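The values are calculated or read from the model by the stated rules, or taken from the named source; none is laboratory data. In this text, all values refer to a predicted model and were calculated from it rather than measured experimentally. We place every Cβ from the backbone using ideal geometry, glycine too, and count neighbours over all the protein chains shown. In case anyone asks, the SASA skips ligands and DNA or RNA and just uses the protein heavy atoms, side chains included. Shrake-Rupley method; radii C 1.70, N 1.55, O 1.52, S 1.80 Å.
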Amino acid sequence: MSYLQQIQATAQQMAEAISSVLGMEVTIVDSQLERIAGTGLHQETVGQKITGKSIYQKVLRNGREYIVNDVTTFDDCHTCDRRAECKELAQLCCPIMVGADVIGVIGLIAFSRERQSELRNTNDRLLTFTRKMAELIAAKAVEEASRARLLLVKNQLETVLNFIAEGVLAIDHTAKIISINYAAEKMLGVKASQVIGLTLGEVLPGTPIPEALRSGVGFHDREVSVWLKGRHHHYLFNATPMRSEGAICGVVASFRSFYDWRESSSRLPKISFDQIVGDCPAMLVLKAEARRAAATVSTVLITGESGTGKEVFAKAIHSESNRGEQPFVAVNCAAIPENLLESELFGYEEGSFTGARKGGKPGKFQLADKGTIFLDEIGDMPLSLQAKILRVLQEKHVDRVGGLQPLPVNVRIIAATNRNLETMIQEGKFREDLYYRLSVYPLSLPPLRERQQDILLLARHCLQKHTRVYTSEVTGFSPAAIKLLQQYHWPGNIRELENVTECAVIRAAGQLIDIGDLPARITQPTPPALPAARAEPAEKQAITGLLETYGKSVEGKKQAAKALGIGVATLYRKIRKYQIEG
Ligand SMILES: Nc1ncnc2c1ncn2[C@@H]1O[C@H](COP(=O)(O)OP(=O)(O)OP(=O)(O)O)[C@@H](O)[C@H]1O
C-alpha cells in the first residue's frame, strides 16, 4: 500500500476543502499514478490509474513544481492520446515529498476560462498555498505510516508474549498494569481487559515487583508466596526495570510456578546402565556393582578422574532406583563460592541475613526431597559443611540458615570426587567419619587410557551423536585415525574424546575422519611428561589465556573448560590452585 493510499479518506477531505476555498478542482495522485483524491470531474476516477501522457509523470520523475497556464501551448498535451476527451484548461501541480522521495502529486485544475485566468494571475500565491498543502499531506502520510508500523510491532510483540509459557506482566511508573500475557492471565485467573489499568497490588498483592520499581534494581528467580482468590500460590519471579531516557518508567516481570520449575529442572530423561557405553571387563563389573547400589537407598561414593563419567553413573543409579520418578539435583561443590554453599545446600529463612530474599529460599536438599542429591566434587567441600552433611546423613533433616526448626528431608546422597579422599583425610582436609558414611557403595571409574578396548566404541558413540547434531555425512574413522586415538593417553577422558570427535566431524571433508582432522596433540608424538612442578605454569598460562579469550563469566569458564577438555568443576579447582583471578 502506498503512503497516500493509507490516508485516502483524509486526502479526499483535504482535496474537497481546498477546492471549496479556491474554487478550483483538486486532484491528488500517488507515486503509482493512482488517483487518491479528486473533486469535480476527477471525483469519478478516484481509485483508478491515470493513463495517457500526464504532467504528473514529470513531477514524480523530477520532483519539480509545474504551472501550465494554457494546455494548448503545452508540448506534452499536444502529443497526449487523451487530448480529445481532456477538458482541463490550465493546471498547477506540486510534488508531495517525504525526505528526498516523491510520494505523490497534488494538482489544482482549471476547467473554465474564468478559473484559468485566475490561475494565471495568482500563480505565486496559489503555488505557495499548494506547496503548504503538499507538506501537510506528506506529514499526515508519514504519521500514518509510523502509526501502522507501531501497530505492527505491537501485534508482533503481543504474539511473542502470548507464545511464552511463563507469565509476563509489565507495570508503568505508577505500578499500574500495562501489559499481561496469556500465560499470566491463566496462572492468575484474570482477563487482560479486566486488569490493565489496575495497580499491581490490587491484582497480585505481596510481590517484590514494586521494590524493583523503587530501587531500579531487578531480581532473578525470587521465590514468592502469594494469597490469591482464597488459594496459596508459590511462584518464582524475575523482574527488570524499564527505562526511558535514563528514568525508570516501569518494570517487566516474568514468573512461573515454583513446583513446575522444581519438577522440570530436576527431573531427568532416564539414563539406564545399558546406555553407558563400555564393555571392557572393568566396566562390566562396575555396571553390575552400580546396579546393586541402585536397588538400595545407600549412599554411593564415585571416584575417578575428571571426565570419566561419574555424573553419568550417578544419573543411571538414580534413574534405575525406585526414586527414578523423583528429582535428581546435582550440586557442584567446587563451583559455588564457599560462603554461599551452605545456603545453596540447605536454603535460608526470610530475613536471616542482609540481602536474604523475601520468602527465603529452598536449599538443594529440599529440592531433592524424595529423590537424589548428587554432590559432585565433594572433596572441595569445606570442613564446616562436611559436618553438616554428616548431620543430614545421620539425622535426616536439614537446618535452614536462620531457621528455628529442622526440616525433615528424605534424600539419597550420591557423592563424587576426582580427589584422593584418603590422602585428604591424612592431611586433615576431609572428615574420616563422613568418608565412611559416604562410601557405603564405593565405585571407582577407570581412566579412559585404561579402557583401551572401549576407546573405539566410545569414539563411534560420540561420532553418531555429533553427526546427528551437525547433519554430517561422516560415517567412521580411517584406520590411521583409529590407531592414533587408541595410542593417545586421554588426560581429559571421555569428555576430551567427545570434544575431539566433535571438532573432527566439523573438520572432516570426506566420509571418514582422518589424521588431518584430529588435533595436533593427538597426531604429534607426545613430548615426555614434564615434572609436575614445571608443568604447572604452562597449565596456568593456558587457563589464564583462555579466560582472557572467553571471559571470566560462568559461560566463559564453560567454554574455557571445553577448550581444555576438562570439566568446569576441574577448571574451578585449577583456578583456585593457581590463584588465578576468576
Ligand atoms: N560410558 C559413557 N558412555 C557415554 N558417554 C559417556 C560415558 N561416560 C561419560 N560420558 C560422557 O562424557 C562426558 C563427561 O562425563 P561426566 O560429566 O559424567 O564425567 P565426570 O567424571 O562427572 O566429570 P567431572 O569430574 O569433570 O565432573 C559427558 O558428556 C558424558 O555424557
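Taking segment 561-582 as the search range and keeping residues that are within 18 Å of Ile336 (Cβ to Cβ), part of a helix (DSSP H, G or I) and among the small types (Gly, Ala, Ser), which one is farthest from the ligand (Cβ to nearest atom)? Only one residue tops the list, namely Ala561.
Residue by residue through segment 360-382, note down the ones that are charged (D, E, K, R), within 16 Å of the ligand (Cβ to nearest atom) and closer than 26 Å to Ala295 by Cα. Answer for segment 360-382, where residues must be charged (D, E, K, R), within 16 Å of the ligand (Cβ to nearest atom) and closer than 26 Å to Ala295 by Cα: Asp376, Glu377.
Among the residues that make up segment 414-428, is at least one of them farther than 25 Å from Lys577 by Cβ, at pLDDT 90 or above and surrounded by fewer than 20 Cβ atoms within 10 Å (Cβ to Cβ)? No - not one qualifying residue is present in segment 414-428. Screening Arg131 with (1) touching a residue at least 24 places away in the same chain (Cβ under 8 Å); (2) open to solvent by 80 Å² or more (accessible area, probe 1.4 Å); (3) within 27 Å of the chain's Cα centre (by Cα) gives one miss only, at (3). Residues that are under 16 Å from Ile96 (Cβ atoms) and of a type outside the set (Val, Ile, Thr) within segment 18-58 comprise Asp30, Ser31, Gln32, Leu33, Glu34, Arg35, Ala37, Gly38, Ser54, Tyr56, Gln57, Lys58, listed in sequence order. Given the condition in contact with an Asp or Glu (Cβ under 9 Å, 6 or more places away or on another chain), over 16 Å from Arg449 (Cα atoms) and either outside the structural domain of His466 (by TED's automatic domain parsing) or within 16 Å of the ligand (Cβ to nearest atom) (or both), answer yes or no: does some residue in segment 488-499 qualify? No; the residues of segment 488-499 include none that is in contact with an Asp or Glu (Cβ under 9 Å, 6 or more places away or on another chain), over 16 Å from Arg449 (Cα atoms) and either outside the structural domain of His466 (by TED's automatic domain parsing) or within 16 Å of the ligand (Cβ to nearest atom) (or both). All told, Thr130 meets the bar of being in the same structural domain as Ala9 (by TED's automatic domain parsing) and touching a strand residue (DSSP E or B) at 6+ places or on another chain (Cβ under 6 Å). Residues in segment 440-476 that are open to solvent by 20 Å² or more (accessible area, probe 1.4 Å) and away from the ligand (no atom under 16 Å from the Cβ): Val440, Tyr441, Tyr470, Thr471, Ser472, Glu473, Thr475.
Here are some residues: Ile209, Ile171. Which one is open to solvent by less than 30 Å² (accessible area, probe 1.4 Å) and modelled with pLDDT of 95 or more?
Numbers: Ile209 fails: modelled with pLDDT of 95 or more.
When all the criteria are applied, what remains is Ile171.
Here Leu169, Leu108, Leu157 are screened, and the one residue that is outside any helix (DSSP H, G or I) and not assigned by TED's automatic domain parsing to the domain that holds Val59 is Leu169.
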